[in-house]
Amino acid sequence: MSSRPPISRRRLLGWGVGACAAVALPGCTGRQSATPSASASGTPQTPSAVELEPQVRDLTLRLWAEASDAQIVPGTTSPVYRYQAEVLDGDPASVQPGTSYLGPTLHLRSGQRVRVNFENRLPEGETIVHWHGLLVPQEQDGQPGDAIAAGSSYDYDFVVENGEGTYWYHPHPHMHTGEQVYRGMAGLLIVHPGTADAAGALPTGANDLALVLQDRTVASDGSLSYLTSMRDQMMGFVGDTLVTNGVAGYAVSVRREAYRVRLLSGTNSRTQYLTWSTGDPMRVVATDGRALPQMVEVPGLLLTPAQRTDLWVDFSGFDVGETVQLRTANTFVESGGMGRGMGAGMGSAGDAALDLSGEVAATFQIADSPSAPGSIPESLGPAPSVLAEDAVNSGSPKQFVLSTARMTHWINGTQWEGRVASEVETVRAGTVELWEFVNQSPMAHPMHLHGQAFRVVSRSWDSTAAEASWASIEPGVVEEGMRDTIIVWPGQRVQIAVPFGPHLGYFLYHCHILEHEDAGMMRNFLVT
Ligand code: C2O
Ligand code: CU
Ligand code: CU
């Protein structure tokens with residue numbers, strides 16, 4: 001593949017995981033003076049970790065979705081949909097109110113039994129809640145087939161099988177997920193260690209921040225514009241304003257200490273390349289909720305819709321009053337060289353390097369505090385246990401061809417047809433399979449599987465028309481650990497090793513560009 005910035009980093013497209021030590025870790029040494037950007041609505045809070053009870057108790061929640069309003073840009077109020085929740089039984093700190101239109105942050109514990117009475121209090125339309133990344137039985141998974149009408153409720157009852165990490169929840173009704181998420185329905189779901197687990201060595205409490213990265217187009221009357229053109233529907237909707245934790249111009253004050261910063265891309269379609277304004281590398285400690293074996297340093301970070309990536313950030317080297325900006329560039333490409341699908345006038349160059357300078361997504365203001373450098377643990381988590389050679393079909397991956405034709409997107413020439421699965425989509429619990437996404441479409445698709453996280457085994461090319469744009473973002477693709485959502489660039493073949501089970505039944509896999517998902521780029525696999 002093409003040139004890469006000279007940064008010390010393990011590249012692992014394959015299985016040689018674990019041995020190399022993380023690179024040496026100076027504190028942030030970059031410097032940049034900039035005017036602090038004003039926050040849109042006073043001082044937005046950050047959904048950070050809370051003080052939970054020491055003993056894990058079972059939890060019973062009421063969760064509902066309702067029409068409401070929120071301030072997203074200064075000076076105007078937007079009509080939104082939002083989740084609300086209350087604790088009926090259990091630790092009251094489990095529900096932390098969301099900022100702006102965001103739903104509350106749900107703080108769950110590994111091993112905890114959770115019951116949720118969900119009510120659809122929307123003015124109209126079906127909905128259902130999906131716990132993105134949690135390993136749960138089919139009827140707890142919040143699938144389109146379980147969507148409930150306005151005025152109805154759905155009872156969830158599951159045990160948190162995942163370890164500690166960053167997850168989220170969002171709606172999943174067929175054809176309306178994009179609109180409902182865009183109107184505001186999304187929230188963080190943070191799994192904390194069960195009492196038996198080691199607490200972990202990453203910063204906690206006030207030094208545990210979370211940023212939900214999204215975009216919106218807010219009209220002058222405050223209303224949210226969505227899908228105003230055929231192009232938005234086909235390509236995926238990208239808002240013209242960056243919105244972090246529900247507000248434009250997000251800023252947060254930090255002490256001169258080390259932080260864990262959890263990033264969630266809650267965008268409908270925008271795949272982002274994130275960088276620090278200081279030029280410092282991004283220090284990645286977890287991907288899609290799972291700790292990496294060791295910290296991985298990258299010059300920038302690729303974040304597709306629905307991906308989570310946790311960073312370790314040390315602000316101790318900055319001066320009081322300095323600001324550090326998290327910048328983000330949209331990485332959208334249409335590969336002209338693919339030459340199919342979109343029709344005249346829509347194709348353009350996927351074959352040029354991308355401009356990654358980006359815009360400001362969040363500003364960290366360094367508060368007056370003593371400088372207290374942190375240190376990152378040598379070892380963060382276990383090496384991923386899923387091995388390509390364990391696959392029952394190792395050597396002959398199952399193929400899933402992504403294509404664009406007749407103004408829509410396809411998986412193996414098929415689309416959503418309810419709770420059915422073909423032979424290739426039928427798998428056995430307790431096995432690992434090799435799957436290969438083959439992208440013959442002119443645009444990138446972030447593919448997500450419900451259930452267990454998986455490993456990326458390899459990336460190769462069918463058509464190299466989009467190779468230059470890939471080369472510009474490839475240093476920011478972090479796949480050393482487990483993922484539940486991965487980008488498939490135009491012309492690429494991406495092989496993944498997926499463990500299936502333990503839960504039997506139908507589970508979804510789909511493109512997480514919500515407009516593609518809503519248009520039918522979504523199927524089931526059946527675990528038998
Ligand atoms: Cu965020 Cu079907 O998932
Ligand atoms: Cu999911
Ligand atoms: Cu897609």
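Considering segment 462-476 alone, what residues qualify as being buried (at least 21 other Cβ atoms within 10 Å of the Cβ) and of a type in the set (A, V, I, L, M)?
The answer is ALA466, ILE473.
Scan the strands (runs of 3 or more DSSP E) fully inside segment 138-212 and keep the ones with 1 or more residues being within 16 Å of ligand 2 (Cβ to nearest atom) and within 18 Å of the chain's Cα centre (by Cα).
Strands (runs of 3 or more DSSP E) meeting the threshold: 165-171, 187-192.
Conditions tested, residue by residue: (1) among the charged types (D, E, K, R); (2) in contact (Cβ under 8 Å) with a residue 40 or more places away in the chain; (3) surrounded by fewer than 20 Cβ atoms within 10 Å (Cβ to Cβ).
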position: PHE118; (1), (2), (3): no, yes, no
position: LEU122; (1), (2), (3): no, yes, no
position: ILE128; (1), (2), (3): no, yes, no
position: PRO137; (1), (2), (3): no, yes, yes
position: GLY142; (1), (2), (3): no, no, no
position: GLY145; (1), (2), (3): no, yes, yes
position: TYR154; (1), (2), (3): no, no, yes
position: ASN162; (1), (2), (3): no, yes, no
position: THR166; (1), (2), (3): no, yes, no
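I'm trying to understand the selection: among the residues of segment 406-441, which are modelled with pLDDT under 95 and within 14 Å of ligand 3 (Cβ to nearest atom)?
Residue satisfying the conditions is MET407 alone.
Could you list all residues from segment 64-116 that are more than 21 Å from the chain's Cα centre (by Cα), outside any loop (DSSP other than H, G, I, E, B), touching a residue at least 40 places away in the same chain (Cβ under 8 Å) and more than 27 Å from TYR226 (Cβ to Cβ)?
Passing the criteria: ALA93, SER94, ARG113, VAL114, ARG115, VAL116.
Answer with yes or no whether SER253 is surrounded by fewer than 22 Cβ atoms within 10 Å (Cβ to Cβ), over 15 Å from the mean Cα position of the chain (by Cα) and in a strand (DSSP E or B).
yes
In segment 69-99, what residues are in contact with a Gly (Cβ under 9 Å, 6 or more places away or on another chain) and either β-branched (Val, Ile, Thr) or within 19 Å of GLY178 (Cβ to Cβ) (or both)?
Matches in segment 69-99: ALA70, ILE72, VAL73, THR76, THR77, SER78, PRO79, VAL80, TYR81, ARG82, TYR83, THR99.
Checking PRO442 against (1) more than 16 Å from ligand 1 (Cβ to nearest atom); (2) within 21 Å of GLY133 (Cα to Cα): exactly one of these is not met. Which one?
Every listed condition holds for PRO442 apart from (2).
Is it true that some residue in segment 431-449 is over 21 Å from the mean Cα position of the chain (by Cα), under 24 Å from PHE158 (Cβ atoms) and in a loop (DSSP other than H, G, I, E, B)?
Yes: one or more hits.
Which of the numbered conditions does MET447 fail, given that it passes all the others? Conditions: (1) more than 16 Å from ligand 3 (Cβ to nearest atom); (2) touching a residue at least 40 places away in the same chain (Cβ under 8 Å).
Checking MET447 against (1) more than 16 Å from ligand 3 (Cβ to nearest atom); (2) touching a residue at least 40 places away in the same chain (Cβ under 8 Å), the one that fails is (1).
Answer yes or no: is there a residue in segment 386-397 that is closer than 21 Å to GLU517 by Cα and either over 23 Å from the mean Cα position of the chain (by Cα) or among the hydrophobic types (A, V, I, L, M, F, W, C) (or both).
no
Can you tell me which condition VAL129 does not meet? The list is (1) more than 29 Å from LEU211 (Cα to Cα); (2) of a type in the set (A, V, I, L, M, F, W, C); (3) within 12 Å of ligand 1 (Cβ to nearest atom), and all the others hold.
Going through the list (1) more than 29 Å from LEU211 (Cα to Cα); (2) of a type in the set (A, V, I, L, M, F, W, C); (3) within 12 Å of ligand 1 (Cβ to nearest atom), VAL129 breaks only (1).
When you check GLN180 against the structure, is it of a type outside the set (Val, Ile, Thr) and more than 25 Å from SER225 (Cβ to Cβ), yes or no?
It is false that GLN180 is of a type outside the set (Val, Ile, Thr) and more than 25 Å from SER225 (Cβ to Cβ).
Can you pull out the residues in segment 481-519 that are assigned to a loop (DSSP other than H, G, I, E, B) and within 13 Å of ligand 2 (Cβ to nearest atom)?
ASP484, HIS512, listed by residue number.
One residue is enough: does segment 136-153 have a residue meeting the conditions within 15 Å of ligand 1 (Cβ to nearest atom) and among the β-branched types (Val, Ile, Thr)?
yes
Considering only segment 213-225, state which residues are more than 21 Å from the chain's Cα centre (by Cα) and either basic (Lys, Arg) or under 15 Å from GLY266 (Cβ atoms) (or both).
LEU224
So which of GLY418, GLY451, GLY430 ends up being within 16 Å of ligand 2 (Cβ to nearest atom) and not aliphatic (A, V, I, L, M)?
Of GLY418, GLY451, GLY430, the one residue that is within 16 Å of ligand 2 (Cβ to nearest atom) and not aliphatic (A, V, I, L, M) is GLY451.
Which residues, taken from segment 239-271, are polar (S, T, N, Q), over 25 Å from PRO370 (Cβ atoms) and in contact (Cβ under 8 Å) with a residue 60 or more places away in the chain?
Passing the criteria: THR241, THR244, ASN245, ASN268, SER269, THR271.
Kindly establish whether ALA372 is touching a residue at least 40 places away in the same chain (Cβ under 8 Å), more than 21 Å from ASP462 (Cα to Cα) and not in a loop (DSSP other than H, G, I, E, B).
Here the answer is no, as ALA372 does not meet what is asked.
Can you give me the number of residues within segment 456-473 that are modelled with pLDDT of 95 or more, of a type in the set (Ser, Thr, Tyr) and within 30 Å of VAL432 (Cα to Cα)?
2
Please list, ordered by first then second residue, the pairs with beta carbon atoms under 7 Å, 6 or more apart or interchain, first in segment 380-391 and more than 14 Å from VAL498 (Cβ to Cβ), second among the basic types (Lys, Arg).
GLY381/ARG290
Would it be correct to say that LEU227 is in contact (Cβ under 8 Å) with a residue 60 or more places away in the chain and assigned to a strand (DSSP E or B)?
no
The values are calculated or read from the model by the stated rules, or taken from the named source; none is laboratory data. Predicted model only: the values in this text are computed from it and were never measured. Note: ideal-geometry Cβ built from the backbone for every residue, glycine included; neighbour counts use all protein chains shown.
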